[in-house]
Amino acid sequence: MGPGRWLVLALALGLSALAIWQLEADRAGLEVAPLAGTGTTPATVYRQAGAPPAPVVVIAHGFAGSQQLMQSYALTLAQAGYVAVTFDFEGHGRNPQPMSGDVTSIGGTTLRLMDEVARVADAALVLPGADGRLALLGHSMASDVVVRQAVRDPRVEAVVAVSMFSEAVTATQPRNLLVITGAWEGWLADEALKALRLAEPGAELSQTIRDPANGSARRAVLAPNVEHVGVLYAPVALSEARAWLDATFARQSEGPVTRRGGWIALLLFSVVALGWPLAGFLRRWRASVPPAAMPRGAFLASAAIAGVATPLILWPFDTSFLPVLVADYLALHFALYGALALVTLSALGAMKIEARGRILRAALLWLPVAVFGIAVFGGVLDRYVASFWPTSERLAIIAAMAAGAVPFMLADAALTEGGRAPLWRSLLARGAALASLGLAVALDFEGLFFLMIILPVILLFFLLFGTIGGWVGRATWRPFAGGIGLGLFLAWALGVTFPLFAA
């Protein structure tokens, strides 16, 4: 491995260590422990060690999220002296209980999620450090859940609704409502203003109306330069939430407002950057000759046939066979897309089958790629971003996703020639894959709407791990080594992200 790779390795390790040190510093002086008494719902308590009794703030994540996503709010409020509690909704994170009920009815899934919030609140309010007062904070899907629970539960004295959409807001309910929306969230900014003007027509954003002492206060603010996820890390949003709770409970909080977003971005970037020097260690298993350049016609035909034919073939069929929303369709789409692309390339003579010994050596190289993605990158995600370690209920889902994701990433490796293809081919190959999923959604918008949430994830995967696949392919001249490893990592990532759902 050359000096350049050693330098990048040292820098990446150093920056990773710095980011981890900064992120761990947010926990200084706090007790972070599991919360008992919540049934099957995993919940975590954040509070200052030795602090006097204080109000409880139950913090709820959005759809396809987990309690790790809400750590910035939990840590900021705990450092301010509150008893902050996060948890995994049913079907999410490490909660083994699947979501159930009618997702289109308030009396269905929403009511079950409200009951879960109530159960977590009941367990938190009997903690030794709780003073009996209660507030709720929820993001996205959970914003509606906490609003409705606050209307139902007279113990709730304040609500912080982040990225809110809820038809349950009225001129007087819920009590002491703060709406926080990212400035880049489009129509949700209109929803925030609408909620404010229900209480006082003519009110403007960033204006506080009425009196928190009697529960009638309301405020709506935009966090600048952030979107639906960035609002969870925005210092303005965190400061507003803390100040709102202070006003409600007549407290004067001190302590830092966490600034985790930048450090998390640096950590993830540094971990991905490790892939380049580590790929250099695989050169000793490099193939004797590089893969032959793919003819343009074969490339275009393969990408076009797989991209267009896959959603058209699957369109007439019922693809529901997994206890998760749309993951079953995605697994089939990936498998068929990959098979069509590989078969087309083989039929056109653009992909040669390697000798058995070479295939064996290439197959062994997928292991370090998969371990790097799942254990190293996944470990960082699980600690600081979102749940990444599966419950036993998700293992079958990961296996089913792997049956589709591995052929899909093998096709990607073949079309991009293991990172050796011109940039325009890589962009076109991955654009065709995303467009194919977009066409599937257009053909069955109602049934596959939730795939829209996954499309940005797939794009980010290509940007980050497609780059790593290219490093591995160029170092080894074996495109399929990266394809298998990254396919397994993609299957794992999607398998732990999709909410479990039982009819």
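Residues that are closer than 30 Å to GLY4 by Cβ: find the helices (runs of 4 or more DSSP H) completely inside region 248-321 holding 1 or more of those. Can you show your working first?
Working: elements: 260-273, 275-280, 296-314.
So the answer is 260-273, 275-280.
Could you go through region 188-204 and let me know if any residue there is of a type in the set (A, V, I, L, M) and open to solvent by 60 Å² or more (accessible area, probe 1.4 Å). Full working, then the answer.
Step one: list which residues in region 188-204 are of a type in the set (A, V, I, L, M), which gives 188-189, 192-193, 195-196, 198-199, 203.
If we keep only those that are open to solvent by 60 Å² or more (accessible area, probe 1.4 Å) too, we end up with 198.
There is at least one residue in region 188-204 that is of a type in the set (A, V, I, L, M) and open to solvent by 60 Å² or more (accessible area, probe 1.4 Å).
Please indicate, with yes or no, whether at least one residue in region 147-159 is on the phi > 0 side of the Ramachandran plot and in a loop (DSSP other than H, G, I, E, B). Show your work before the answer.
Just the residues of region 147-159 that are on the phi > 0 side of the Ramachandran plot, to begin with: none.
Checked region 147-159: no residue is on the phi > 0 side of the Ramachandran plot and in a loop (DSSP other than H, G, I, E, B).
Please work out which one of (1) surrounded by 15 or more Cβ atoms within 10 Å (Cβ to Cβ); (2) at pLDDT 95 or above is the condition PHE63 fails and give its number.
(2)
How many of the residues making up region 125-143 are open to solvent by 20 Å² or more (accessible area, probe 1.4 Å) and either modelled with pLDDT under 90 or in contact with a Leu (Cβ under 7 Å, 6 or more places away or on another chain) (or both)?
Matching residues across region 125-143 total 2.
Give region 330-354 a look and list any residue that's out of contact with any Lys or Arg (no Cβ under 9 Å at 6 or more places or on another chain), at pLDDT below 80 and open to solvent by 60 Å² or more (accessible area, probe 1.4 Å), or say none.
To start, the set of residues in region 330-354 that are out of contact with any Lys or Arg (no Cβ under 9 Å at 6 or more places or on another chain) comprises 330-345, 347-353.
Those still in the list that are at pLDDT below 80 too: 350-353.
Passing the criteria: LYS352, ILE353.
If the requirement is being closer than 30 Å to LEU178 by Cα, surrounded by 21 or more Cβ atoms within 10 Å (Cβ to Cβ) and among the charged types (D, E, K, R), which of these qualifies: ARG260, ARG251? Reasoning before the result, please.
Numbers: ARG251 fails: surrounded by 21 or more Cβ atoms within 10 Å (Cβ to Cβ).
Unique residue meeting the criteria: ARG260.
Being closer than 14 Å to SER140 by Cβ, out of contact with any Cys (no Cβ under 9 Å at 6 or more places or on another chain) and of a type in the set (Val, Ile, Thr) narrows it down to one of VAL169, VAL162, so name that one. Even if it seems obvious, please write down each step before you answer.
Values: VAL169 fails: closer than 14 Å to SER140 by Cβ.
Unique residue meeting the criteria: VAL162.
Criterion first (among the polar types (S, T, N, Q) and within 21 Å of LEU75 (Cα to Cα)) does SER216 satisfy it?
Taking the combined requirement at face value, the residue does not satisfy it.
Among all residue pairs at least 6 apart or on different chains, which show Cβ distances below 9 Å where the first residue, located in region 29-53, is of a type in the set (Asp, Glu) and the second is part of a strand (DSSP E or B)?
Note: pairs meeting the criteria are GLU31/VAL45; GLU31/TYR46; GLU31/ARG47; GLU31/GLN48.
Of all the residues that make up region 301-329, how many are surrounded by fewer than 16 Cβ atoms within 10 Å (Cβ to Cβ) and β-branched (Val, Ile, Thr)?
2
Could you tell me whether region 233-241 includes any residue that is in a loop (DSSP other than H, G, I, E, B) and over 29 Å from the mean Cα position of the chain (by Cα)? Outline the logic, then answer.
At the first step, the residues of region 233-241 found to be in a loop (DSSP other than H, G, I, E, B) are 233-234.
Right, trim to over 29 Å from the mean Cα position of the chain (by Cα) and you get none.
Checked against the condition, which is being in a loop (DSSP other than H, G, I, E, B) and over 29 Å from the mean Cα position of the chain (by Cα), region 233-241 yields no hits at all.
Which residue pairs have Cβ atoms under 8 Å apart, sit 6 or more places apart or on different chains, and have a first residue in region 139-167 that is within 19 Å of ALA220 (Cβ to Cβ) and a second that is of a type in the set (Lys, Arg)?
Sorted first by the residue in region 139-167, then by its partner, the pairs are ALA150/ARG175; VAL156/ARG175; GLU157/ARG133; GLU157/ARG175; ALA158/ARG175; VAL159/ARG175; SER166/ARG148.
Which residue pairs have Cβ atoms closer than 6 Å, lie 6 or more positions apart in sequence or on different chains, and pair a first residue in region 272-300 that is under 15 Å from ALA10 (Cα atoms) with a second residue that is open to solvent by 20 Å² or more (accessible area, probe 1.4 Å) and of a type outside the set (Val, Ile, Thr)?
As it stands, the answer is VAL272/LEU464; GLY275/TRP471; TRP276/TRP471; PRO277/ARG5; PRO277/LEU9; ALA279/TRP471; GLY280/MET1; GLY280/ARG5, since those pairs meet every condition given.
If you go through region 26-52 one residue at a time, how many are acidic (Asp, Glu) and under 20 Å from ARG119 (Cβ atoms)?
So the answer is 0.
Looking only at region 410-418, decide whether some residue is assigned to a helix (DSSP H, G or I), at pLDDT below 90 and either within 17 Å of TYR337 (Cα to Cα) or open to solvent by 10 Å² or more (accessible area, probe 1.4 Å) (or both).
Of region 410-418, the ones assigned to a helix (DSSP H, G or I) are 410-415, 417-418.
Next, from what is left, pick out any that are at pLDDT below 90: 417-418.
Next, from what is left, pick out any that are either within 17 Å of TYR337 (Cα to Cα) or open to solvent by 10 Å² or more (accessible area, probe 1.4 Å) (or both): 417.
Checking region 410-418: at least one residue is assigned to a helix (DSSP H, G or I), at pLDDT below 90 and either within 17 Å of TYR337 (Cα to Cα) or open to solvent by 10 Å² or more (accessible area, probe 1.4 Å) (or both).
I'm trying to understand the selection: among the residues of region 448-478, which are open to solvent by 10 Å² or more (accessible area, probe 1.4 Å) and touching a Pro at 6+ places or on another chain (Cβ under 6 Å)?
TRP477
Taking interchain pairs and intrachain pairs at least six residues apart, which have beta carbon atoms under 9 angstrom, with the first residue in region 115-128 and within 15 Å of ALA142 (Cα to Cα) and the second open to solvent by 70 Å² or more (accessible area, probe 1.4 Å) and in a helix (DSSP H, G or I)?
Cβ pairs passing all conditions: ALA118/ARG152.
Here's the yes/no breakdown for (1) hydroxyl-bearing (Ser, Thr, Tyr); (2) farther than 30 Å from GLU200 by Cβ; (3) part of a helix (DSSP H, G or I); (4) at pLDDT 95 or above:
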{"site": "GLY108", "(1), (2), (3), (4)": "no, yes, yes, no"}
{"site": "ALA123", "(1), (2), (3), (4)": "no, yes, yes, yes"}
{"site": "VAL145", "(1), (2), (3), (4)": "no, no, yes, yes"}
{"site": "GLU167", "(1), (2), (3), (4)": "no, no, no, no"}
{"site": "GLN173", "(1), (2), (3), (4)": "no, no, no, yes"}
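The values are calculated or read from the model by the stated rules, or taken from the named source; none is laboratory data. These numbers come from a predicted model, not from an experiment. Reconstructed Cβ throughout: ideal geometry from the backbone, glycine too, with neighbour counts over all protein chains shown. Keep in mind that these areas ignore ligands, DNA and RNA; they rest on the heavy atoms of the full protein, side chains included. Shrake-Rupley method; radii C 1.70, N 1.55, O 1.52, S 1.80 Å.
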